[in-house]
Amino acid sequence: MSEYCVKVELFFPTEITAKNIFKSIEPEYLEERRDRSLTKISVNKSILSIDIKAKDITALKAGINGYLKSINLCNKIMEGE
């Protein structure tokens, strides 16, 4: 069976912003179901990294979309939109 992988690196203006967003999405990451995909998130200075491995392309897309939507929402809240 094929495995699909993606690594997303998001660069934020400050290390504090990256860490705050990491802390905001961490509960989602810790509670994630791992039957079709495996996700690892980390933060290094102002870079938030998301590594997703999935059994199929649909699970990969769902994982990417889920995290990016959460990160976008956190970013908008922090910016006061």
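Computed quantities for the displayed model
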read-out	value
Test set (1) at negative phi; (2) modelled with pLDDT of 90 or more; (3) open to solvent by 60 Å² or more (accessible area, probe 1.4 Å) - Leu30 fails condition number	(2)
Positions within the stretch 9-27 being open to solvent by less than 80 Å² (accessible area, probe 1.4 Å) and β-branched (Val, Ile, Thr), in sequence order	Thr14, Thr17, Ile21, Ile25
Residue check for Ala59: of a type in the set (A, V, I, L, M, F, W, C), out of contact with any Leu (no Cβ under 8 Å at 6 or more places or on another chain), at pLDDT below 95 and on the phi < 0 side of the Ramachandran plot	yes
First in the stretch 54-66 and surrounded by fewer than 16 Cβ atoms within 10 Å (Cβ to Cβ), second anywhere and outside any helix (DSSP H, G or I), Cβ under 6 Å, 6 or more apart	Lys55/Arg36; Ile57/Tyr4
Val6 vs. criteria surrounded by 11 or more Cβ atoms within 10 Å (Cβ to Cβ), part of a strand (DSSP E or B), modelled with pLDDT of 95 or more and in contact with a Ser or Thr (Cβ under 8 Å, 6 or more places away or on another chain)	no
Odd one out for Leu38, checked against (1) aliphatic (A, V, I, L, M); (2) without any contact (Cβ under 8 Å) to a residue 40 or more places away in the chain; (3) loosely packed, with under 14 Cβ neighbours inside 10 Å	(3)
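The values are calculated or read from the model by the stated rules, or taken from the named source; none is laboratory data. Model, not experiment: these values are computed from the prediction. With ideal geometry, Cβ positions are generated from the backbone for all residues, glycine too; neighbour counts draw on all protein chains shown. Side chains are part of the model used for accessible areas, which takes the heavy atoms of the whole protein and leaves out ligands, DNA and RNA. Shrake-Rupley method; radii C 1.70, N 1.55, O 1.52, S 1.80 Å.
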